[in-house]
1. Pairs only if they're at least six apart or on different chains, beta carbon under 6 angstrom, first in the range 148-175 and in contact (Cβ under 8 Å) with a residue 40 or more places away in the chain and closer than 23 Å to Ala81 by Cβ, second among the charged types (D, E, K, R) and open to solvent by less than 20 Å² (accessible area, probe 1.4 Å); list them, first residue then second.
2. Got a number for residues in the range 157-182 being farther than 21 Å from Pro65 by Cα and touching a Lys or Arg at 6+ places or on another chain (Cβ under 8 Å)?
3. Just give me the residues in the range 321-334 being within 10 Å of Ile293 (Cβ to Cβ) and surrounded by 14 or more Cβ atoms within 10 Å (Cβ to Cβ), in sequence order.
4. Show the residue pairs that are 6+ apart or on different chains and have beta-carbon atoms under 9 Å apart, the first residue being within the range 291-320 and aromatic (Phe, Trp, Tyr), the second being surrounded by fewer than 21 Cβ atoms within 10 Å (Cβ to Cβ) and assigned to a loop (DSSP other than H, G, I, E, B).
5. Anything in the range 416-438 that is part of a loop (DSSP other than H, G, I, E, B) and in contact with a strand residue (DSSP E or B) (Cβ under 8 Å, 6 or more places away or on another chain)? List them, or say none.
6. For the range 384-415, how many residues meet the condition of being under 17 Å from Ser356 (Cα atoms) and open to solvent by 40 Å² or more (accessible area, probe 1.4 Å)?
7. Here is a check on your reading of the model: is Ala130 within 22 Å of Arg186 (Cβ to Cβ) and either modelled with pLDDT under 95 or not in a loop (DSSP other than H, G, I, E, B) (or both)?
Amino acid sequence: SPPNGGTPSLSMSAVEEATPPPPPSTISSPPHDAPTIVAKRVSASPPSLERCGARLRAGNLVSFPTETVYGLGCHALDPEAVRGVFDAKERPLSDPLIVHVTNIEDALALWEASSEEEEESDGIRSDDDAADDDDTRRKRRRRAAERSALASLSRAFLPGPLTIVARARPSVPPILMAGTGYVACRSPSHPVARALIDAAGVPIAAPSANKFGHVSPTRACHVMDDLGGEDVWVIDPGGVDDDDDEVDDGGIVHAARDDDDVCRVGVESTVAKVEMNAAAAGGEDEDDILGSITILRHGAVSSRSIREVLERENLSRHFVVSDSVKFTSQGTRNVAPGQTVRHYSPNVPCFMIGPSRQNKIRSEGGLRRREEGRDEEIALDEEERAVLSRSVIVDYGARLSHHRRSALGYRDLSPEGDPRAAASCLFETLRWSETVDGATRVLVPEVVLDDDVATHGEWEALVLAVKDKLTRAASAVVVQEFR
């Protein structure tokens, strides 16, 4: 993982020469070269959702809103349908999908530890002599602890923006899991997503509804921009079916009347992996650590919140909770999505600007304030001004506000550094940045966390999520000068 500071300084020209261009799937084509529109917008009316449910059961694709981002859904237990998602997104099979369900029981049914029937396959004897077998007793203890942890986390956070990864039952298709044997599952809270899953009557596997590596979609129009040439229905809570002549709002399932509230969190879910340690030889104490819960992707649920649940359920003595967010190359087999170093990237080359070119800003209660109450003046030479004149700045916490007059375009996700506000508009703003006429690069700040912000409990998770998304949008490349 790239550290908070100390990244080697590179000129932009050097980085552009060394960095391969984005894959063709993430480069916008001119309007006259745009593919024929095959995708279809549909409403969120009950009859429309029933049709979408039938389409999913038949192995076809439906895109739908969640509280995080838009998903591209398919029948999770149909391997051919799952392959269709990978094909439509041009996504490598090494990047697994998340299964979406509406109730805890359906989530638990996907994980091996949740089923008593799977114990014999794990080498746990079920006969009467098992009680005298120390190895069997240790395995049963671990299975019980894993089952309790999965159930406790599910009760505490589902429905909501947490994805839980654990060992899968044999019925889960390997293609769904990148062949790792671990399945990711969550229960969305968005009413349209829940109504669609119920209408389908099957679990829905769904990554974000965009071309792989591009900025995640938070509106139906974003999905159409990326997947308009694919055979997919796109649910628009505020719209009507493409083949309807009149607007009929009766019975439509709405998240909110304001379209900005469709994906209110705005960034993907937190991903937490539950894994048990191998049973140690010899005796064990009642307070021994039996397993770990590892944050693999930052979202709206923090590791602190997970620890609090474990403490409340008397499980904290058995599990170590830690963060292990990775930056992997494409093709690396991951147990969770969102691990590749280039992700959430606009179609224009994107770079992080290091602290040496940022405002000096202090924190007050998690909010950010400029030291002198105004932008600092940092001298720019003619070459740097020329570079900035062709650059779009997507700022966070006013770190780059002193460059806004020199930039081609400028927007701040939240001048005060409020991560909730920043997360809710992050992907929308990155998509805006690639539409600015004449832009040759997008610049975002490298987010270096000070102690106050990093430990501010209420916002901790989303601060880390915003930092992670900006880092991956820039492929973790930091520059210290505008060249």
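The values are calculated or read from the model by the stated rules, or taken from the named source; none is laboratory data. Everything numeric here is computed off the predicted structure, so don't read it as measured data. Methodologically, a virtual Cβ is constructed for each residue, glycine included, from the backbone with ideal geometry; neighbour enumeration extends over all protein chains shown. Side chains included, ligands, DNA and RNA excluded: accessible areas come from the protein's heavy atoms. Shrake-Rupley method; radii C 1.70, N 1.55, O 1.52, S 1.80 Å.
1. As it stands, the answer is Thr163/Arg186, since those pairs meet every condition given.
2. 8
3. Hit for the range 321-334 is Val321, nothing else.
4. Phe319/Ile289
5. Result: Glu416, Gly417, Asp418, Glu434, Val436.
6. Summing the residues that are under 17 Å from Ser356 (Cα atoms) and open to solvent by 40 Å² or more (accessible area, probe 1.4 Å) in the range 384-415 gives 2.
7. Details: within 22 Å of Arg186 (Cβ to Cβ): no; either modelled with pLDDT under 95 or not in a loop (DSSP other than H, G, I, E, B) (or both): yes.
So Ala130 does not fit the description; no.
Table: residues versus (1) modelled with pLDDT of 95 or more; (2) not in a loop (DSSP other than H, G, I, E, B).
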| residue | (1), (2) |
| --- | --- |
| Leu196 | yes, yes |
| Val202 | yes, no |
| Thr218 | yes, no |
| Val223 | yes, yes |
| Pro237 | no, no |
| Val240 | no, no |
| Glu246 | no, no |
| Ala255 | no, no |
